[in-house]
Structure formats: structure tokens, C-alpha cells
Amino acid sequence: MRTTTPSPRGAWRRLVWPASAAALVLLLLLAWFLSGPPAPDAPLPPLPAGNDAPAATPAQQAGPPWHHGAAEARFTLILYADLECPYCKAYVPQVMAWIDQHPDTRLRWHHLPLPAHEPTATQLASLAECAGETGGPAAFWQAVTWLYQHTRGNGQGVPEEARFPGQSAALQACLDSDRTVARIQAQAREGSRDGINATPTLRVRDEATGQSLLLPGPVEADALLSALDLLTSNELPAAPAQPPDLSAIDDGDMPR
């Protein structure tokens with residue numbers, strides 16, 4: 001029978017490998033010992049919010065004001081809208097879809113219930129706000145979508161037979177408290193102070209520079225892209241001395 005004699009090189013490898021592994025373990029232990037415990041002033045990780053809830057991430061930005069899109073987006077489209085506005089009803093799904101296609105943009109909702117649509121416009125706005133308060137940002141936008149799908153518009157509201165799918169005891173308690181009305185009225189006053197009294201209206205803002213453009217009426221996709229280009233070109237037109245008159249007249253022709 002033929003026998004195989006181990007080579008000196010193989011025997012050397014069998015001897016060296018355990019020694020190398022042991023040396024590596026000793027080096028790791030020594031490095032850990034020398035590094036010592038964390039410095040007393042080192043910041044601790046944030047504690048969970050609420051009852052063991054994970055900390056909010058930038059992409060899960062809470063509201064109000066309510067946002068749709070990436071929290072770190074460079075451009076914010078502030079939408080002044082009325083939940084009883086028929087033009088908003090047609091435009092909001094379009095602008096939300098446009099935001100989804102442009103990750104460097106996000107949408108911010110700004111309530112602007114028009115006097116011609118009151119008190120229904122504020123009532124529907126309170127329903128959306130309470131949905132967001134009790135269910136988070138996704139619930140707010142789902143409520144906006146549902147309300148536009150079911151309202152008859154122009155102050156007529158939602159038919160009595162249409163039941164809001166997110167109804168709950170917490171939502172009803174929020175509605176009964178009227179605590180969201182002050183928030184809605186504050187946003188409406190802010191819009192009026194800026195000369196905005198027609199819906200839908202967009203203010204496109206560059207978060208990197210703070211510069212913005214006001215775009216009245218439903219804004220087409222090409223015009224939105226042009227607004228973004230203009231904001232980044234440092235060639236903004238001079239602001240008018242007085243805001244344009246966007247008064248909403250109940251004639252069925254003007255954006256409202």
C-alpha cells in the first residue's frame with residue numbers, strides 16, 4: 001500500500017493557524033479594554049415616543065400642517081384648498097400624483113374654506129383634521145380623498161347616506177370638541193393676510209433658499225416644472241406691490 005508523508009509546509013500551517021487565531025483574539029480584547037466605557041457626555045439614543053412606539057423618522061413627518069411626499073424634499077408646494085371647492089376636487093388628485101412622480105417635491109395642505117361654502121367647508125375640514133389627529137398623516141390624506149369623492153361641492157356637503165369609513169369614538173370626540181376649528185380658522189386668516197382668497201392656489205417654495213412663487217388656479221405640470229426651474233435660476237421676477245385680485249365670485253367660471 002502506498003503511503004503519503006505529510007509535507008513540512010502542511011505541518012507548519014497546522015501549527016501557525018491556531019497561534020494566529022489566538023493572537024487575533026488577544027488583540028481584539030486589548031483594543032476593547034483600552035477603548036473603555038462610553039464617555040459620560042455621549043448622547044443617548046432617543047427614547048421611544050409613547051408606549052414603546054418607535055421614534056418618528058423624517059419620512060413620517062406628522063402634522064398639522066399635513067405633508068404628502070418626502071420630508072427632505074427641496075421644494076414644497078403649499079396648496080391653499082377648500083374641501084367644498086369643485087376645482088380643488090378635480091385638481092388635488094392630479095397634484096398629489098405629480099408629487100409622487102417628483103421625489104424632490106412635497107405637498108403641504110393649507111385650509112382656506114371660502115365664505116360662500118360655509119359652514120360646510122369648515123365642517124369637512126374639521127373631519128379631515130380629526131382623521132389626521134386620530135390616525136396620522138395617511139388617515140388625513142385618505143379623508144381628503146374620500147371627502148372630495150363624496151361631497152356635492154359648493155357648500156352642499158356630503159349626502160347623509162354617505163358614512164365616513166374612518167368613523168370611531170376618538171374621531172367623534174375630536175369633532176365634538178371643536179378644537180380643530182381654531183386651527184382651520186388660523187390657516188384661513190393667514191391665507192387672507194397674504195392676499196389669497198381663491199382656491200386652489202399654490203405657493204411653490206425652495207427650501208434651500210426660502211424663495212417662493214405664488215401660482216393661482218389649477219397649475220399644469222409643465223408650469224410647475226417651469227416654476228421649479230425659475231426658483232433655482234436666481235432670476236425671480238419682482239413681487240407686485242399689491243397681490244392680484246383673486247376674489248372668488250359665485251359665477252361658476254372662476255376657480256373657487
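Worth pointing out:
- Residue among I184, G166, V204 farthest towards the positive dipole end of the range 142-215, charges placed on Cβ: V204
- Listed peptides 85-98, 212-225 by packing density, highest first (mean Cβ within 10 Å): 85-98, 212-225
- Between Q167 and N234, the C-beta separation translates, for a Förster distance of 41 Å, into a calculated FRET efficiency of about 0.25.
- Solvent-accessible heavy-atom area per residue, rounded to whole Å², over the range 67-131 at 1.4 Å: 33
- Efficiency of FRET between A97 and R193 - r from beta-carbon atoms, R0 30 angstrom, step 0.05: 0.45
- Sorting 155-165, 64-74, 105-115 by their mean Cβ neighbour count within 10 Å, with the most densely packed peptide first, gives 105-115, 64-74, 155-165.
- Dipole moment magnitude, nearest 20 debye, the range 118-199 about Cα centre, only Lys, Arg, Asp, Glu C-beta charged: 120
- For the range 160-224: relative contact order, % (alpha-carbon pairs under 8 angstrom, 6 or more apart): 19
- Once you reduce the range 60-136 and the range 155-187 to the center of their Cα atoms, the two points are 15 Å from each other.
- The ellipsoid that matches the Cα gyration tensor of the range 88-237 has semi-axes, each √(5λ) in whole angstrom, of 30, 16, 15, with the longest given first.
- Percent accessible area from carbon and sulfur atoms, the range 131-197, protein chains only, probe 1.4 Å: 46
The values are calculated or read from the model by the stated rules, or taken from the named source; none is laboratory data. Owing to the predicted nature of the structure, the values given are computational and were not obtained by experimental measurement. Reconstructed Cβ throughout: ideal geometry from the backbone, glycine too, with neighbour counts over all protein chains shown. Side chains included, ligands, DNA and RNA excluded: accessible areas come from the protein's heavy atoms. Shrake-Rupley method; radii C 1.70, N 1.55, O 1.52, S 1.80 Å.
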